Amino acid sequence: GESVGLHLPTLSVQEGDNSIINCAYSNSASDYFIWYKQESGKGPQFIIDIRSNMDKRQGQRVTVLLNKTVKHLSLQIAATQPGDSAVYFCAESPLSGNTGKLIFGQGTTLQVKP
Amino acid sequence: GAVVSQHPSWVICKSGTSVKIECRSLDFQATTMFWYRQFPKQSLMLMATSNEGSKATYEQGVEKDKFLINHASLTLSTLTVTSAHPEDSSFYICSVGTVSTDTQYFGPGTRLTVL
């Protein structure tokens, strides 16, 4: 079936270290993936996205890696800061070229220790 | 990205009453909006896809007569929880989709508490 899941429910890192949040997806037909950050009591905030024709995409302090062979997605945050503490969700879209449904993973809580 | 607002940000109501939540796309015309529900410490669950000028498409298990969706304009979609019960207490979040990409941009959410 279609599902997106995360390997670890909670990740604790030291301030200044790099963080890696992982995500596994099961729908090989998905061609678009997004990472969202959700702070407590707020709506998800777009971080970065990647299409299936790419393996890597970089943003400001964030990098998303896509391994289609093993259906794995990861979000790397460089020099993690206290403000990065939040729940991170990966989402996949099995449709392309139009607004379509997103399937969300279960989320990983990132805790940044000062 | 798109700017999305929701109103109210939180609401408390008595069991049996109806509550309307508004979702507005502030900076572009959204033909498609999505409604999600999120319980504490859980992921987002898509409830329905709201299409401007037509009936909403509900996900399996979501009662369309209980969760009424109206998308009367390109900037406004509303979700009405009818005859609310305590189990309907949740965080309701809307999102808008863009035509050029598959990205969805989310509103700040509405916390519903049914007593």
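The values are calculated or read from the model by the stated rules, or taken from the named source; none is laboratory data. Values in this document were obtained by computation on a predicted structure and should not be read as measured data. Positions of Cβ are generated from backbone atoms using ideal geometry, with glycine treated the same way; all protein chains shown enter the neighbour counts.
Among the candidates B:43, B:50, single out the residue that is buried (at least 16 other Cβ atoms within 10 Å of the Cβ), outside any loop (DSSP other than H, G, I, E, B) and among the polar types (S, T, N, Q).
B:50
Return a yes/no flag: does the stretch A:97-111 have any residue that is more than 10 Å from chain B (Cβ to nearest Cβ), surrounded by fewer than 17 Cβ atoms within 10 Å (Cβ to Cβ) and in a strand (DSSP E or B).
yes
So which residues in the stretch B:75-115 are within 13 Å of chain A (Cβ to nearest Cβ), surrounded by fewer than 23 Cβ atoms within 10 Å (Cβ to Cβ) and over 29 Å from residue B:14 (Cβ atoms), if there are any at all?
Correct list: B:98, B:99, B:100, B:101, B:103, B:105.
Would you check if residue A:63 is assigned to a loop (DSSP other than H, G, I, E, B) and at pLDDT 95 or above?
Judged against the criteria, residue A:63 is not a match.
Where the second residue is aromatic (Phe, Trp, Tyr) and the first is in contact (Cβ under 8 Å) with a residue 60 or more places away in the chain and lies in the stretch B:77-88, which pairs have Cβ atoms under 7 Å and are six or more apart or on separate chains?
Matching pairs, first to second residue: B:81/B:67.
Within the stretch A:6-45, how many residues turn out to be buried (at least 17 other Cβ atoms within 10 Å of the Cβ) and within 13 Å of chain B (Cβ to nearest Cβ)?
13
Scan the stretch B:18-46 residue by residue and report those that are more than 9 Å from every other protein chain (Cβ to nearest Cβ), at pLDDT below 95 and closer than 20 Å to residue B:113 by Cβ.
B:39, B:40
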